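Novice: Encoded as structure tokens, here's the structure I'll be asking about.
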Amino acid sequence: MKIHTTDLSDCFIIEPTVFEDQRGFFYESFNERKFNDLIGREIHFVQDNQSFSEYGVIRGLHAQTGDFAQAKLVRVLEGEVLDVIVDARPDSATFGKHIAVKLSAENRLQLFIPRGFLHGFSVLSPTAVFFYKCDNYYHKDSETGVFYKDSQLNIDWLVPDEKRIVSEKDLILPEFRQVFNQ
């Protein structure tokens, strides 16, 4: 397992060691001890989530706040997505910055997202199965989010406007500056 730093502090791309032969492949997708050693902190995941989406679906940008903030380890089991994270930690040197990483069943990359980040993804393949681990339980009253087309963030979701499929809930989310007083 290899770890790659990103332009956002405390966020990492995890690349598994894959063993391939004529039968197919094998890799360890998660090992808590190795993972914690690689990222330099102790994270204990308590909830796994999975979603299925079609091309053009954009989910996000979402986060949990307060006592229910969540760190996540995300990956794609089928298809390809553009995974987007935004640093929403006001005291961070990278506050308000975002990165976008292509995650796919083919590249097998995982992205570690610490607490205090907004998260979303767009589906780039005909379908995608998205999987993520959370270090805290979901709590509806602690949900927050930012409009995916926020003008300050200016995220390129790699999906043409006319092909985007966005939930009603996500279409009415506020702008970044409204949530974070920027």
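The values are calculated or read from the model by the stated rules, or taken from the named source; none is laboratory data. Predicted model, so just to flag it, every value in this text is computed and none were measured. Cβ sites come from the backbone with ideal geometry, for glycine too, and all protein chains shown count toward neighbours.
Novice: On the basis of being within 20 Å of M1 (Cβ to Cβ), touching a Gly at 6+ places or on another chain (Cβ under 8 Å) and of a type in the set (A, V, I, L, M, F, W, C), does A105 make the cut?
Specialist: Yes.
Novice: Next question, about the same structure. Among (1) among the acidic types (D, E); (2) farther than 28 Å from I155 by Cα; (3) under 17 Å from the mean Cα position of the chain (by Cα), there is one condition E15 misses while meeting the rest; what is its number?
Specialist: Looking at each condition in turn, E15 falls short on (2).
Novice: I would also like to ask the following. So, in region 76-99, how many residues would count as being under 16 Å from E15 (Cα atoms) and out of contact with any Ser or Thr (no Cβ under 7 Å at 6 or more places or on another chain)?
Specialist: 2
Novice: Restricting attention to region 29-70, and to residues there that are under 22 Å from S125 (Cβ atoms) and aromatic (F, W, Y), which single residue is surrounded by the most Cβ atoms within 10 Å (Cβ to Cβ)?
Specialist: Result: Y55.
Novice: Then there is this: Identify, from the list E28, E32, E42, the residue that is more than 22 Å from A105 (Cβ to Cβ), touching a helix residue (DSSP H, G or I) at 6+ places or on another chain (Cβ under 9 Å) and without any contact (Cβ under 8 Å) to a residue 40 or more places away in the chain.
Specialist: Working: E28 fails: more than 22 Å from A105 (Cβ to Cβ); E32 fails: touching a helix residue (DSSP H, G or I) at 6+ places or on another chain (Cβ under 9 Å).
Result: E42 is the single residue among E28, E32, E42 that is more than 22 Å from A105 (Cβ to Cβ), touching a helix residue (DSSP H, G or I) at 6+ places or on another chain (Cβ under 9 Å) and without any contact (Cβ under 8 Å) to a residue 40 or more places away in the chain.
Novice: If you take the residues of region 45-64 that are among the hydrophobic types (A, V, I, L, M, F, W, C) and assigned to a loop (DSSP other than H, G, I, E, B), which of them is farthest from L158 (Cα to Cα)?
Specialist: The extreme case among them is V46.
Novice: Taking D67 and the conditions (1) of a type in the set (D, E, K, R); (2) in a strand (DSSP E or B); (3) farther than 27 Å from F26 by Cα, which numbered condition does it fall short on, given that it satisfies the others?
Specialist: Answer for D67: the failing condition is (2).
Novice: Can you name every residue in region 36-50 that is modelled with pLDDT of 95 or more and in contact with a strand residue (DSSP E or B) (Cβ under 9 Å, 6 or more places away or on another chain)?
Specialist: I43, F45, V46, Q47, D48, N49, Q50 - these are the residues of region 36-50 that are modelled with pLDDT of 95 or more and in contact with a strand residue (DSSP E or B) (Cβ under 9 Å, 6 or more places away or on another chain).
Novice: When the residues of region 144-182 are filtered to those that are of a type in the set (A, V, I, L, M) and in contact with a Ser or Thr (Cβ under 7 Å, 6 or more places away or on another chain), which remaining residue is modelled with the lowest pLDDT?
Specialist: The residue in question is V179.
Novice: I would also like to ask the following. Would you call S92 of a type in the set (S, T, Y), surrounded by fewer than 21 Cβ atoms within 10 Å (Cβ to Cβ) and in contact with a strand residue (DSSP E or B) (Cβ under 9 Å, 6 or more places away or on another chain)?
Specialist: No, not satisfied.
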